[in-house]
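Report on the structure given below.
The values are calculated or read from the model by the stated rules, or taken from the named source; none is laboratory data. None of these values were measured; they are calculated from a predicted model. Cβ placement follows ideal geometry from the backbone for every residue including glycine, while neighbour counts extend to all protein chains displayed.
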Amino acid sequence: MLNINSVVSTFLIVLFFSCNNMAQQNPEQQAIINAKATQVPLQNGKAKAYFASGCFWCVEAIYESVYGVEEVVSGYAGGHTKNPTYASSNTGRTGHAEAVEVIYNPELISFSTLVDVYFGSQNPTQVNGQGPDHGSQYRSIIFYQNNEQKKIIETKKEELSKKLHATIAAEVYPFTKFWVAEDYHQNYEKLNPENPYVQNVSIPRLNKFKAKFPELLKENKK
C-alpha cells in the first residue's frame, strides 16, 4: 500500500533542494560561478579576502576578533544581480549570499589561516544556512582570487571532508564583485549587544570560535 506521508515527505525534500538550488541552475548564476577570478591588489600592504557563512553579523564579529585582521565589512557576493540589498537578497532570487570582506595584514596572518578560521567557525556540513538561518542567501561560499587560493581552499575542504566523513557544504567561487551592505549592518553585533538574535545566536557562535582558536585572538596577542 502506498504510504502517502512518505510520498509527501519525499516531494517536500525534493522541492526544498530544487528551490534552494535554483540560483545555481540560473544561466546568469552559472556565468558567475564559471567567471575568471578577479585579483584584488594590495592597498597599503593590506590584502582582502571574501567569505560567506550564514548571517554576516556573526561572521563579521568572528573575523574582527582575529589577530592580523584590520577591518571586516558586511555585504553581498556570489550572485548575478547588481546592487543587491538586504531585502532583495532575502528573496533568494539574486544568487547573492550574505558575505564579508576581510581586510588583513598578510605579514601577520595568511589566507590559509583565514580559511581555517572559516571552517572552524561554522557547521561545515550544513547546506544553505548556518544555525537557525536557512536559505540560499545564507549558504557557505569561499571566494578565491587566484589559483593558489583555490588550491588552498579545495585541499582544506577535502581534508575536512575526510576527517568528518561527510560532505562539506561550502561552495568555491571565483571572486568577481563584493557589494557593501547597508550602513546599519556594519559592526552590528558590537553596536547592538542587546539584540535577541545577537544574544542568542551571534555571541554564542563567537564565543565558541574563541574557545576553539585562542591562539588567533587579538585579545591574546597583547
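Scan segment 171-197 for residues that are at negative phi, surrounded by 12 or more Cβ atoms within 10 Å (Cβ to Cβ) and part of a loop (DSSP other than H, G, I, E, B) and report the count.
Residues meeting the conditions: 7.
Which numbered condition in (1) out of contact with any strand residue (DSSP E or B) (no Cβ under 8 Å at 6 or more places or on another chain); (2) part of a loop (DSSP other than H, G, I, E, B); (3) not polar (S, T, N, Q) is the only one that residue 124 fails?
With respect to (1) out of contact with any strand residue (DSSP E or B) (no Cβ under 8 Å at 6 or more places or on another chain); (2) part of a loop (DSSP other than H, G, I, E, B); (3) not polar (S, T, N, Q), residue 124 is out only on (1).
Can you tell me which residues in segment 145-170 are outside any helix (DSSP H, G or I) and either out of contact with any strand residue (DSSP E or B) (no Cβ under 8 Å at 6 or more places or on another chain) or under 13 Å from residue 111 (Cα atoms) (or both)?
Of everything in segment 145-170, those that are outside any helix (DSSP H, G or I) and either out of contact with any strand residue (DSSP E or B) (no Cβ under 8 Å at 6 or more places or on another chain) or under 13 Å from residue 111 (Cα atoms) (or both) turn out to be 145, 146, 165, 166, 167, 168.
Considering only residues that are of a type in the set (A, V, I, L, M, F, W, C) and not in a loop (DSSP other than H, G, I, E, B), look in segment 127-144 and name the one that is nearest to residue 177 (Cα to Cα).
143
I'd like to verify a number: residues in segment 191-222 that are touching a helix residue (DSSP H, G or I) at 6+ places or on another chain (Cβ under 7 Å) and among the basic types (Lys, Arg), how many?
Total meeting the criteria: 2.
Can you find, within segment 62-82, the residue that is nearest to residue 218 (Cα to Cα) among those that are part of a strand (DSSP E or B) and not hydroxyl-bearing (Ser, Thr, Tyr)?
The qualifying residue nearest to residue 218 (Cα to Cα) is 66.
Being of a type in the set (D, E, K, R) and in a strand (DSSP E or B) is the filter; apply it to segment 83-112 and report the residue that is surrounded by the most Cβ atoms within 10 Å (Cβ to Cβ).
98
Output the qualifying pairs, or none if there are none: Cβ atoms under 9 angstrom, residues six or more apart or on different chains, first residue in segment 20-32 and over 22 Å from residue 145 (Cα atoms) and in a helix (DSSP H, G or I), second residue hydroxyl-bearing (Ser, Thr, Tyr) and modelled with pLDDT of 80 or more.
Short answer, once both residue conditions are applied: 20/136; 22/136.
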